[in-house]
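Handing you a structure now.
The values are calculated or read from the model by the stated rules, or taken from the named source; none is laboratory data. These figures come from a predicted structure and were not determined experimentally. Virtual Cβ from ideal backbone geometry, glycine too; neighbours counted across all protein chains shown. For the accessible areas, the whole protein counts, side chains as well, though only heavy atoms, and no ligand, DNA or RNA atoms are used. Shrake-Rupley method; radii C 1.70, N 1.55, O 1.52, S 1.80 Å.
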Amino acid sequence: MLHVDLLLLDLVIVLAAARLFGAVARWLGQPPVIGEIVAGILLGPTLLGPLIGDRLFGAEMRAPLQALANVGLVLFMFVVGLELDQKLVRGKGRIAVTVALGSTVVPFVLGCVLALGIAGDHVGGDKTLPFVLFMGAAMSATAFPVLARILTDRGMHRIALGGLSLAAAAVIDVLAWTVLAVVVGIAGAGDSEEQWKILLTVPYALVMFLVVRPLLARLVPAYEKAGRLTPSLLSLVLIGLIASAWATEWLHVHFIFGAFVFGVVMPREGAERLNHEILERLEQLAVLLLLPMFFVVAGLNVNLRALDLSSLGTLAAILAVAVGGKLLGSYAAARAQRLPDRPAWAMAVLLNTRGLTEIVILTVGLQKGVLDDELYSLMVVMALVTTAMTGPLLRRIYPDRRVARDIAEAERAALGVAAAHRVLTVVPGSPAEQAPLVDLAATLARAASPSEVVLAHLRPYPQGRLEVGSGLSSELAELAETLHDLEGLAGTVRAHGPEVRVVSRFSGDVAAELPELVSGAQPDLVVLPADVTGYAGIRDGAVCRVVTVSPAAASGLQDSPVRAPSGSPDPAARASGSTTGPIAVHHGSGGDAAAHVALTLTLLQDRPLVVTGGGRASALAQRLAKLGVAATSGAVPAGALVVAPDAGTAVDGAHLLVRAEQDADPVDWAAAVSALRAPLPHP
């Protein structure tokens, strides 16, 4: 008999614990789901013991709690599907499927091997085959809802990496559920004779996209006619949502996919206001009230009291297989699809998240007798560890500033605005003397298209009082001459292709204002002399690549011809007697940025390249030579323009010191050479 008073008390305890531990987890930099699952574990026999735990959360109470939790899960997965930007994965299905296969096959095989080793301690002979397959499926699963929650918390669902991760996770979980259905059938438990229903998954998907989607599009004119989301319209959405979830549950796929697919097939074009109102109605109820209950209820089944020291070895093996298999399989597959190194690792870390889906799979295994209580508890600990490690690893591999940059680029792309590669040049003193500095900036700007050069020049206010008379006229004349010189430099830059902007004004404190000006411009590259006022503040505050020009570099830069749009050396530079001497780069640990700058100057100025620095330098020189670059390794020739990495200390003989941008990706040298050799845009 259901005791309503006890059910209401359980709801109060569960929701309060979920909010409290979820807030603690968020304060610790973890997704709230970690705190919610820990709350469930603490409310279960692990902390409260069988006496209090069974009184509060006995078998008769868990069924209604589980039902409410499942409703919250249905609503949340619908919200995730509705908010998914399908443009992010359009044309990238092959990448998502390939990564999903790598992220599934490797941990599945390793999980099966581990299961064969521990089967004798946990299952009988007739359960060995389903146990082995089940462990493989459990190791290869990815928690799609938890992953979606992590991505939405960081705003990564709005960028291509987040969309790809969600797409790959969806494929992974479909594979995991398919294997789980096979396991249940082999185990001979429940309604295994109906496992053929999973074959109807493809017809279900076709019906959803070819029949249901056009029908849902009719909601838009009905909404516009009513002017608001009426109860009738919301009821139609909820009926369709629950029917879709029921269909996939009946197909033995799992109801979360039916809810997600229904969100995906909701209309997009012209339905922005409709979807916004639906989200307002459902998101608060799903995320804040019902969904946390699922994680808490799942934790109630864990009993860590039953574990002893002998279980630690098994736990270590489980973690090694789960983490190693996921990371290596996902990363290798992503790199095989030419995903850059950093996004590939970020995607691997994301797909290592297990949380919710793992808990659901483990619960099924426990109910079907494939897992015993000890192994169930160990696997739940694995799910918690792999989910908890996602946040810290992701922030280290893909920091918030990279996410913000990717979001900005995605928003510009959605508006059809191409982001220009911005090179900011700090022009000190008399602009007329800074032609070599600006020529260098113009050359580096030509490495990308479209590009923009910003010439920043701040002048201190004149000393003493300004009087109306000759003094003021003199200052105005000097300012006019400075602007004229800056415009002359700007014209030189424009002649070689990039757009140019000039920022020039008086300043009461150049050393303080110049770093703020540089930071506010959000450049991709900063070029500045080492002796400029406020140099330390600019260098330390910049998050992009910084090229520092030493005071002794003027002659070397002056002899550096900037390539004209036609691809031949600038006739004006050739007429001035400039040479095409070699460019030398000190390449070593952390020196990719310096070598990339040197490569840019080499190819755009038609100069040879000398790479120094030992084994890595020799390997880079050989690699570039194979790509057709005139690159060698050895001693720095006399008269070479020397580029070196900026490690915070002076480098003897260096003309340019290059500090890499924060969180820089390794340079893809083949792609860099190909891009620099592409036809330059005509001005």
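Does HIS276 fit the bill of being on the phi > 0 side of the Ramachandran plot and out of contact with any Gly (no Cβ under 8 Å at 6 or more places or on another chain)? Give the derivation first.
Details: on the phi > 0 side of the Ramachandran plot: no; out of contact with any Gly (no Cβ under 8 Å at 6 or more places or on another chain): yes.
When the stated conditions are applied, HIS276 does not pass them.
Continuing with the same structure: Please verify whether GLY313 is open to solvent by 10 Å² or more (accessible area, probe 1.4 Å) and either touching a Pro at 6+ places or on another chain (Cβ under 7 Å) or at pLDDT 90 or above (or both), treating the condition exactly as stated. Write out each step before concluding.
Details: open to solvent by 10 Å² or more (accessible area, probe 1.4 Å): yes; either touching a Pro at 6+ places or on another chain (Cβ under 7 Å) or at pLDDT 90 or above (or both): no.
Considered against the rule, which asks whether it is open to solvent by 10 Å² or more (accessible area, probe 1.4 Å) and either touching a Pro at 6+ places or on another chain (Cβ under 7 Å) or at pLDDT 90 or above (or both), GLY313 comes out as no.
Do any residues in region 116-136 that are among the polar types (S, T, N, Q) have Cβ atoms under 6 Å from those of residues that are at pLDDT below 80 and part of a helix (DSSP H, G or I), where the two are at least six apart or on different chains, and which pairs are they?
none
Let me ask something else. If VAL132 satisfies all but one of (1) aliphatic (A, V, I, L, M); (2) buried (at least 24 other Cβ atoms within 10 Å of the Cβ); (3) within 19 Å of PHE108 (Cβ to Cβ), what's the number of the condition it fails?
(2)
Residue check: is VAL113 assigned to a helix (DSSP H, G or I) and modelled with pLDDT of 85 or more? Outline the logic, then answer.
Details: assigned to a helix (DSSP H, G or I): yes; modelled with pLDDT of 85 or more: yes.
Here the answer is yes, as VAL113 does meet what is asked.
Hey, another quick one. Within region 343-390, restricting attention to residues that are within 18 Å of the chain's Cα centre (by Cα) and open to solvent by 10 Å² or more (accessible area, probe 1.4 Å), which residue is farthest from LEU133 (Cα to Cα)?
PRO343
Enumerate the helices (runs of 4 or more DSSP H) found wholly within region 198-260, keeping only those where 3 or more residues are under 20 Å from LEU282 (Cβ atoms) and in contact with a Phe, Trp or Tyr (Cβ under 6 Å, 6 or more places away or on another chain).
Numbers: elements: 201-207, 213-217, 219-226, 231-250.
Fully inside region 198-260 and qualifying: 231-250.
Additional query: Can you tell me which of VAL253, VAL321 is more than 18 Å from ALA96 (Cβ to Cβ), surrounded by 19 or more Cβ atoms within 10 Å (Cβ to Cβ) and at pLDDT below 80? Steps first, answer last, please.
Values: VAL321 fails: at pLDDT below 80.
Every option except VAL253 fails the conditions.
Look through GLY313, GLY299, GLY325 and report the one residue that is within 29 Å of the chain's Cα centre (by Cα) and within 19 Å of ALA383 (Cα to Cα).
Just one listed residue meets the conditions, GLY325.
Residues that are modelled with pLDDT under 90, closer than 17 Å to ALA644 by Cβ and open to solvent by 40 Å² or more (accessible area, probe 1.4 Å): list the strands (runs of 3 or more DSSP E) wholly contained in region 544-633 that include at least 1 such residues. Explain how you work it out, then say what you get.
Numbers: elements: 545-549, 583-586, 609-612, 631-633.
Correct list: 583-586, 631-633.
Would you call VAL79 under 26 Å from the mean Cα position of the chain (by Cα), open to solvent by less than 70 Å² (accessible area, probe 1.4 Å) and at pLDDT below 75? Don't jump to the end; show me each part of the working.
Numbers: under 26 Å from the mean Cα position of the chain (by Cα): yes; open to solvent by less than 70 Å² (accessible area, probe 1.4 Å): yes; at pLDDT below 75: no.
In short, no.
Contact list please: Cβ distance under 7 Å, first residue in region 49-74 and modelled with pLDDT of 80 or more, second residue not acidic (Asp, Glu) and not in a helix (DSSP H, G or I), pairs at least six apart or on different chains.
Short answer, once both residue conditions are applied: PRO64/LEU2.
Consider LEU437 carefully, then state whether it is open to solvent by less than 30 Å² (accessible area, probe 1.4 Å), touching a Pro at 6+ places or on another chain (Cβ under 6 Å), modelled with pLDDT of 75 or more and more than 30 Å from LEU304 (Cα to Cα). Write out each step before concluding.
Numbers: open to solvent by less than 30 Å² (accessible area, probe 1.4 Å): yes; touching a Pro at 6+ places or on another chain (Cβ under 6 Å): no; modelled with pLDDT of 75 or more: yes; more than 30 Å from LEU304 (Cα to Cα): yes.
No; evaluated as a whole, the condition is false for this residue.
Of everything in region 421-434, what is open to solvent by 20 Å² or more (accessible area, probe 1.4 Å) and not in a strand (DSSP E or B)? Give them in sequence order.
At the first step, the residues of region 421-434 found to be open to solvent by 20 Å² or more (accessible area, probe 1.4 Å) are 421-422, 428-430, 432-434.
Within region 421-434, PRO428, GLY429, SER430, ALA432, GLU433, GLN434 qualify.
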